[in-house]
Amino acid sequence: MSYPKLSDEEIIQRGKEFYEKHIRSQVETVENIGKLISINVETGEYEIGDDLLVTSRRLQAKQPDAAIWAERIGYDAVYAVGGSLVRTIQ
């Protein structure tokens, strides 16, 4: 799905910025480590869960054309293919 309002680079930049500046300190808790977070990079709204599709769809239910960025809480990647996820916090 393309988002004519934002480039892929803008979505990545905004998602990382929202997460670091406004969301990280609230969500990086013991019970959330390893869960997925999807962030609407235009509004800052987010959803947390175990399934990326579910969290993204929850945001799209509120705003169908939402530009969404995802992160695995406490790790360096959402998924690892042929490798392993590296924990970013202890």
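The values are calculated or read from the model by the stated rules, or taken from the named source; none is laboratory data. A quick note: this is a predicted structure, and the numbers were derived from the prediction, not measured. Cβ atoms come from the backbone with ideal geometry, glycine included; neighbour counts cover every protein chain shown. Keep in mind that these areas ignore ligands, DNA and RNA; they rest on the heavy atoms of the full protein, side chains included. Shrake-Rupley method; radii C 1.70, N 1.55, O 1.52, S 1.80 Å.
With a cut-off of 11 Å on the backbone N, the residues of region 19-62 near the modelled label site 7 Å out from K5 along Cα-Cβ are 41-44. Looking at region 7-37, the GluC sites (Glu not before Pro) that sit in a DSSP loop and have at most 10 other Cβ atoms within 10 Å of their own Cβ are E31. A probe of 1.4 angstrom, applied to the heavy atoms of all protein chains, finds R14 with accessible area near 90 square angstrom.
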